[in-house]
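For reference, the structure is listed below as structure tokens.
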Amino acid sequence: MIVINNLQKTFGRNEVLKGINLNIRDGVITAVLGPNGSGKTTLIKSILGMVVPGGGSIEMNGKSIHNDWRYRNQIGYLPQIARFPENLKMKELIRMIKDIRRSEGRVEPLAETFDLKHAMDKPLRHLSGGTRQKVNILLAFMFGSPNYILDEPTAGLDPLSLIRFKELLITEKNKGKAILLTTHIVSLVEELADDVIFLLEGNIFFSGSVDELKSKYGSQKLEHSIANILSGRHA
Amino acid sequence: MRTFYPADMLKILKYSLFDLTRSRWTYGYFLFYLIFTFGLLYFSNDVSKALISMMNIILILNPLIATLFGALYFYSSKEFAELLLALPLKRSSIFLGKYFGLSLSLSLSYLLGTGIPFAFYGIQATGQIWNFLLLTIAGLFLTFIFTGLSFLVSIRFENTIKGFGISIFIWLFFAIIYDGIFLLTLLIFEQYPLDKYALIMTLFNPIDLSRVLIMLKLDISALMGYTGAVFNKFLGTGMGMIVAFGSLVIWIVVPVFVFTRFVKKKDF
């Protein structure tokens, strides 16, 4: 459970977040949508403590994250770009993250699911982009954290891995985890998201379910509803 | 909450070392020093002369390599740093771990690359062992100092090209430009007493400091140069070396401290 109150952030003169209020509930997949530059990444980075907010508060499971770093052991984060130390082997990277988290996690079942076992002894620089993304998924999910933050999680995944990833998300959701997801892939949102947040120029333009979004912006297809919002902005 | 968590920093250091000690660059640096030092000892036949030549290379090359690798490593591990930043770690643990990981890996290449040939040629028996050790220590200082400076520049500038450019300029400044300006001022103001000025100017250049440190020990007045002579005159050999050592330590501590301040405030 993540509660965000009046979150603000300015880079130079550029107001990126203009007072965001948001609840990321347990047992729910929340999708954050919005065009490029709408503040999605800044929102995620604020929750992760990578960006220092200019105002407002963020609470995770009832505690403020301000000036803390330990709260991050309650987050599994899946970054957009998978770049690893190139001379480490996959199993060494996994060992490293285990060391840092002080926890063993569950590597085996996930490595099985995503067909990573054969690559454990390979240096990370030899892995393909898709495989790296699967390693990323493994690292994010192996500790069963109560909150997940996923930034464009499906980039580069093959169809089979994509199906398995969706199944994994549903399983975690049913375990009562809070899941925050950003993506540009509309079908993924339709399939998975319970709550949809639409960011526009640093404000929450819409917040509700997928069906509400569709009926409010007049289209059977989510894709077209989103297009309506975006073109309406320019009209 | 404890403000410093060395265990986490050591973990980052350990895995940075794992990664770096397998890098081609680390082997290249090691092999260069190995071949160069062997060659020098083979051709000069005189350990003390070889030491002077070594010194001239080390004073230029160690800062250059630390500068280049510092910026290269910092920028290339930026995305991975973002993954680490999302883990339950203090920011300072991550970046100090990286700093010490890189400094140690460069130091290792340098130590082995120069140490193996000298050990092979029996430096122990020549009575030059202390001079060699002092040269080695100066080289280590320069590695840590210039890695720190390039990390400091790299965290400050988001743009890779800018970061590289400024880092290399800092090296160029201390290796060449600084001495040029220094000599010029000495020439222009030659009718004034400049000893103290020269002494202070030397403290502000880590490369000059390292040179003075070695020269004081070698005690070859012909090679000591003006600043070395000034150090000798004002402070004597013992005190001069202590001042030079202390200043070199400050040259490590201050940039790294400022670096950690930047790390704490930065938006990644």
*Where a ≥ b ≥ c are the square roots of the eigenvalues of the C-alpha gyration tensor, would you call chain B rounded, which needs a/c under 1.5, or, failing that, prolate if a/b is larger than b/c, or oblate?*
oblate
*Using alpha carbons only, how many degrees (0 to 90, rounded to 10) separate the axis of helix B:6-20 from the longest principal axis of chain B?*
80
_Degrees, to the nearest 10: A:222-234 long Cα axis against longest axis of chain A_ = 50
*Roughly how many Å is it from the Cα centre of region A:1-33 to that of region A:69-147, as a whole number?*
27
*0 to 90° range, to nearest 10: angle between helix A:129-141 axis and chain A longest Cα axis*: 80
*Separation between the A:Gln220 and B:Lys49 pseudo-spin-labels, each 7 Å from Cα along Cα→Cβ, expressed in nm?*
9.3
*Given the C-alpha centroids of region B:185-202 and region B:74-89, what is the distance between them in whole angstrom?*
46
*Subset of A:Lys9/B:Lys266; A:Lys98/B:Lys78; A:Lys89/B:Lys78; B:Lys90/B:Lys162; A:Lys45/B:Lys264 violating a 23 Å alpha-carbon distance limit*: B:Lys90/B:Lys162
_Taking R0 as 56 Å, what FRET efficiency do you get between A:Leu160 and A:His66 from their Cβ-Cβ distance, rounded to the nearest 0.05?_
0.85
_Below 12 Å, Cα to Cα, which aspartates and glutamates can A:Lys214 reach? Residues fewer than 8 away in the same chain don't count._
A:Glu190, A:Glu223
*With a 10 Å Cβ neighbour count serving as the proxy for reagent exposure, in which order, fewest first, do A:Ser57, B:Ser77 appear?*
A:Ser57, B:Ser77
*asked:* Would any residue of region B:223-261 have its amide N under 16 Å from a label point 7 Å out along Cα→Cβ of B:Ile137? List them or say none.
replied: B:237-252
*For A:Gly105, what charge total do you get from the other residues with a beta carbon under 12 Å from its beta carbon, if Lys and Arg give +1 and Asp and Glu give -1?*
+2
*Find, to one decimal place in angstroms, the Kirkwood hydrodynamic radius of the protein assembly as shown, where the mean of 1/r is taken over every pair of different Cα atoms and then inverted.*
25.9
*Alpha carbon centre of region A:44-64 versus region A:180-235: separation in Å?*
24
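Only the coordinates and a few stated rules stand behind these numbers; no lab work does. Since the structure is predicted, the reported quantities are computational estimates derived from the model, not experimental observations. Note: ideal-geometry Cβ built from the backbone for every residue, glycine included; neighbour counts use all protein chains shown.
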